[in-house]
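Read the figures in this text as sums done on the coordinates, not as results from a lab. Everything quoted here is computed from the prediction, not taken from an experiment. So basically every Cβ, Gly included, is an ideal-geometry build from the backbone, and we count neighbours across all protein chains shown.
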Amino acid sequence: MLKAVILIGGPQKGTRFRPLSLDTPKPLFPIAGLPLIQHHIEACAKLEECKEILIIGAYTTNTMSQFVNDMQKEYHVIIRYLQEFTPLGTGGGLYHFRDQVRAGNPAAFFLLNGDVCADFPLKELWHFHEERPNALVTIMGTEATRQQSVHYGSMVRDTTTQSVSHYVEKPNSYVSTLINCGVYVCSLQVFHTMADAFQKKQDGFYSGNGQGSPHPGYMSFEQDVLMTLAGTNKLYAMQVTTWWSQVKTAGSAIYANRHYLELHRDRVSKDNPCTILPDVFVHPTATVDSTAVTNRHYLELHRDRVSKDNPCTILPDVFVHPTATVDSTAVIGPNVSIGAGVTIKAGVRIKESIILNNATVHDHALVMYSVVGQEASVGEWSRVEGTPSDPDPNKPFAKMDNTPLFNTDGRLNPSITILGPLVVFYDTQWRIWGGAILYIRTPYGPPDKYNEYKKKKRENYHAKKRLTKDLNPKERYNARVIWRIRKKNQRERVRNLNRVLERTPSSSPGFPDADTDAEQDVADQNKNYDVHQEQNVLRFSYSWSSKKGKNESEKGQIQNLSRKR
Amino acid sequence: MCGSDKKLGEIRALILVGGYGTRLRPLTLSRPKPLVEFANKPILLHQIEALVEAGVTQVILAVSYRAEDMEKELTEEVSKLGVSLTFSHETEPLGTAGPLALARELLSTSPEPFFVLNSDVICDFPFKELARYHRSHGKEGTIVVTKVEEPSKYGVVVYKDDGQIESFVEKPQEFISNKINAGMYILNPSVLSRIELRPMSIEKEVFPFMASDNQLYAMELQGFWMDVGQPKDFLTGMCLYLTSLRQKNSNKLYDGTGVVGNVLIDPTATIGKGCRIGPNVTIGPDVVVEDGACIKRSTILRGACVRQHAWLDGCIVGWRSVVGRWVRMENCTVLGEDVIVKDELYVNGGQVLPHKCIALSVPEPQIIM
């Protein structure tokens, strides 16, 4: 029997994924239509020997329970979420729940970082581990370029035995191009090594040499376990050549999206020409590529709304959620994921983008290299355009560069454009580009039109009130209840978002950075880049762009507005 | 070269076509500037029509290059108007006064005053009033002046209340006057004696002397005026022209669904569904605007195609150019003749030379060779 452990970190992490990580925990961010870690679960569930999947993180059980239940139903594997009482690092959490992992005496367990995306070759990894009886841990490794390898865990491998003779996490200078993918197979004996490391940590913490550890139980799997095991013939590495990437920034999400869509395609297209979920209407004259997933006309209702004779044009690979409504004149793809309840209006063009739940893209808009947040809305004839940040295709083994948000001049680095949740365009025909990030509920448009927009909103409010006045008591009651619930939900969502924001600044200074998602490390600090600054800017960043293209360079800069409580 | 067999006593006009129109490139690479359509009609034709209305029967074009093109294009149009067209070729550029000397023979055949105008001026041409005013004061010449907001960029004209010009001041640092030379004059043939056959500037080498002899008067122009020699001013001039057209002759403007504000659309153009066109757009003959395009403050020249869902603001789209789907073009972008802009691109202030195919976005204003 085998088990799998997925480390997902906590809400304090994933800061570079903001504002997208504010209302959806990063591990549940949909990539190719599935939450990020569902891809992990899918890979584990495919392996027959794998009987239990443990998810360890610092998110509250509430946030995760729905997802865990859904997964359990879908994959018929025992899936449990174990919440750390405080962030314990990549090793600490695992060690804390060691009895849960040991229970049932599995032969070994997989350890997967939640923020990696790959075509997980778990079977091969397991066989590789099995063949080497003295292996405690086998690391899945991949080749990176010389320059990029220093941003990852670098390892030196004995060519004949494949054992790791040297391991260093994020070296300052070049060590090796073989890097750690954050996917491991561990034997249960690894807990002995961890126990020693744990003991050492405890001793250090209580004798005052904790080096700023926030908690005596804090432990990094890479630094405290892998580095001690390197050179003892107990640590092995298997090199894979399949696609692998980390999801740190939104730019990498778009990249991952493309590859997962491609992977799904292989799975989907085998037996039927085109995947069709129930209640689909495809006209005989329509051309649907075999790889398109045309499930968007899921509901009969939608079918009526969508023009009958030709479904929208889809350039593979595209994922469209069954409940999304896509106008027949829209052109979608390649590399697009469209979430639940999304409305895509007439003449819209979307490519290389992720559209999250309940967002609306109005007529004639163009969205490319962007992420559109939940319930955001893009105005008509608008152009939302990011800068593609894929790894250099001409360099073999190049990985996604997770560049910091700002460059040394304090300008935004060109990247994927992100519209945060509930961002509204209150005027049409605007252009956003080059890595702009609009935060939650940011109304976007010309300053002079803002009052108009507010006035209209106020009018809507009064109109609604007037409407309910003429209804009979029962109807009025119903309307009000619905209205109140809607308001309440909205308020609550905002409150939750704010709560996340307020909590995060306290994420302790000097937090060691080898966590699943911490990389505000030396390199970044050298660039005068600190967490507080980032928050300040991100929270109230309005990237006003004018319809006229002048002062382009000036506008690429985000305005740093003062923080209000 | 000639057409001077008309009888004496006719009103003549000289249009200074001159120049290569470098400022209106890339459009002038394919067509001489006076033939570039402004509001669906060559700039020169606007002027000739106004002159004909004022009773002018002979128009002399002082040209230095591409006269054949103009001759071919204009002869037919102009003969319809019942006016004779004479070309006066300059073998070398003669400035703004030299061409008058070159056409001395034609101009001095009668003692009647003649009109002189620069070819890139668009306004409510006041030729009738100008002639009347000129006769009323009886001096050698009258200049049309117009009010501008920023006179420091131009040479201003200082004149008395009765219109007699006192002096000209080039680019005044301190405010002296906000009236500038509008590039339209009426002169008596006697002025020709002040001009020699050499490169000469009428503004600098003729008018100041006339003013000091108290022989020059100014008439203020009512309504709009624009020098359309540059793309930016071309579009501004178009807006002004359409506004004045709305007041004078609004049935010429297009009125239909999806049109906002003052829009001029040639009857042979095709407009798709769900478009939003206007304000201030002129669309030339045989243009195709496909479904869902949005065009504002732009000129689309003959035979061009704006494909689906494109968005244009402040652009001049050259003859037979194609603007791809979901393209966004703004900030005084000028496409020359037969340019293709591929789908989904963004062009900010690009000046694209003829016969070019653009496959990459142009984020900063630049010339694309």
What distance in nm separates the two pseudo spin-label positions at residue A:166 and residue A:460, each 7 Å out from Cα along the beta-carbon direction? 6.2
Inter-part distance where segment B:133-186 and segment A:138-212 are each reduced to a Cα centre, Å: 83
Could you give the DSSP H helices of chain B that reach 30 angstrom or more along their long axis (alpha carbon positions) and whose average Kyte-Doolittle hydropathy is no lower than 0.0? none
Arrange the following residues from fewest to most other Cβ atoms within 10 Å of their Cβ: A:484, B:307. A:484, B:307
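Which percent, to the nearest 5, of DSSP beta bridges fully inside segment A:1-156 are antiparallel?
Looking only at bridges with both residues in segment A:1-156, the antiparallel portion is about 10 percent.
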Between segment B:310-369 and segment A:320-399, what's the alpha-carbon centroid distance in Å? 24
Among B:369, B:250, B:350, whose Cα sits farthest toward the positive end of the charge dipole of segment B:245-369 (+1 at Cβ of Lys/Arg, -1 at Cβ of Asp/Glu, about the Cα centre)? B:250
Non-local residues with an amide H under 5 Å from the amide H of residue B:220, with H modelled 1.01 Å from N and Pro and chain starts lacking one, are B:145
For residues of B:301-312, the mean tally of beta carbons on other chains within 10 Å: 3
Output the antiparallel fraction of DSSP beta bridges having both residues in segment B:76-223, as a percent to the nearest 5. 75
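List the longest stretch of chain B that has no exposed loop site; here a site is one of the GluC sites (Glu not before Pro) assigned by DSSP to anything other than H, G, I, E or B, with at most 10 other Cβ within 10 Å.
On the way: sites that count: B:149, B:174.
No qualifying site falls inside B:175-369, the longest such stretch.
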Between the DSSP loop rule and a limit of at most 11 other Cβ atoms within 10 Å, which GluC sites (Glu not before Pro) in segment A:10-52 are left? A:48
Once amide hydrogens are built 1.01 Å from N within the peptide plane, the residues lying 5 or more places from residue B:36 or on another chain with amide H under 5 Å from its amide H are B:43
If you count, for every residue in A:356-364, the Cβ atoms of partner chains within 10 Å of its Cβ, what is the mean? 2
Gyration tensor on Cα atoms of segment B:289-369, a ≥ b ≥ c root eigenvalues, a/c under 1.5 rounded, else prolate if a/b beats b/c, else oblate, says rounded
What distance in nm separates the two pseudo spin-label positions at residue B:220 and residue B:167, each 7 Å out from Cα along the beta-carbon direction? 2.2
Pairs over 27 Å Cα to Cα, from B:41/B:356; A:46/A:395; A:345/A:456; B:33/B:153; B:33/B:80, come to A:46/A:395
Residues whose modelled amide H sits under 5 Å from the amide H of residue A:153, counting only those 5 or more places away in sequence or on another chain, are A:170, A:180
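Sort largest first and round to whole Å: the equivalent ellipsoid semi-axes of segment B:211-369, each the square root of five times a Cα gyration tensor eigenvalue.
Numbers: eigenvalues 185, 88, 28 Å².
Calculated on Cα positions only, the semi-axes equal 30, 21, 12 Å.
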Got a sec? Which residues in segment A:106-130 would a label at residue A:34 touch, if it sits 7 Å along Cα→Cβ and we count backbone N under 11 Å? A:118-120
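Between the DSSP loop rule and a limit of at most 13 other Cβ atoms within 10 Å, which chymotrypsin sites (Phe, Trp or Tyr not before Pro) in segment A:149-229 are left? Could the numbers behind the result be given before it?
On the way: sites: A:152, A:167, A:174, A:184, A:191, A:198, A:205, A:206, A:218, A:221; in loops: A:152, A:174, A:218.
In loop regions of segment A:149-229 (DSSP not H, G, I, E or B), the sparsely surrounded chymotrypsin sites (Phe, Trp or Tyr not before Pro) are A:174.
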Going by a ≥ b ≥ c, the root eigenvalues of the Cα gyration tensor, does chain B fall in the rounded group (a/c under 1.5), the prolate group (a/b larger than b/c) or the oblate group? prolate
Gap separating the Cα centres of segment B:210-264 and segment A:42-87, nearest whole Å: 71
For a Förster distance of 45 Å, can you work out the FRET efficiency between the beta-carbons of residue B:152 and residue B:245, rounded to the nearest 0.05? 0.90
Calculate the radius of gyration of the Cα atoms of segment A:179-254 to one decimal place, then report Dmax, the largest Cα-Cα distance, as a whole number, both in Å. 15.8, 46
Does segment A:20-150 classify as rounded, prolate or oblate by the C-alpha gyration tensor (a ≥ b ≥ c root eigenvalues; a/c under 1.5 gives rounded; else a/b over b/c gives prolate, otherwise oblate)? rounded
Ranked from fewest to most other Cβ atoms within 10 Å of their own Cβ, A:235, A:356, B:81, A:122 fall in the order B:81, A:122, A:356, A:235
Check each of the chymotrypsin sites (Phe, Trp or Tyr not before Pro) in segment B:130-204 and keep only those in coil by DSSP with at most 13 other C-beta atoms within 10 angstrom; list them in order. B:175
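I'd like the antiparallel share, as a percent to the nearest 5, of DSSP beta bridges with both residues in segment B:268-310. Intermediate values should be presented prior to the final figure.
Values: 0 of 9 bridges.
Expressed as a percentage, antiparallel bridges in segment B:268-310 total about 0.
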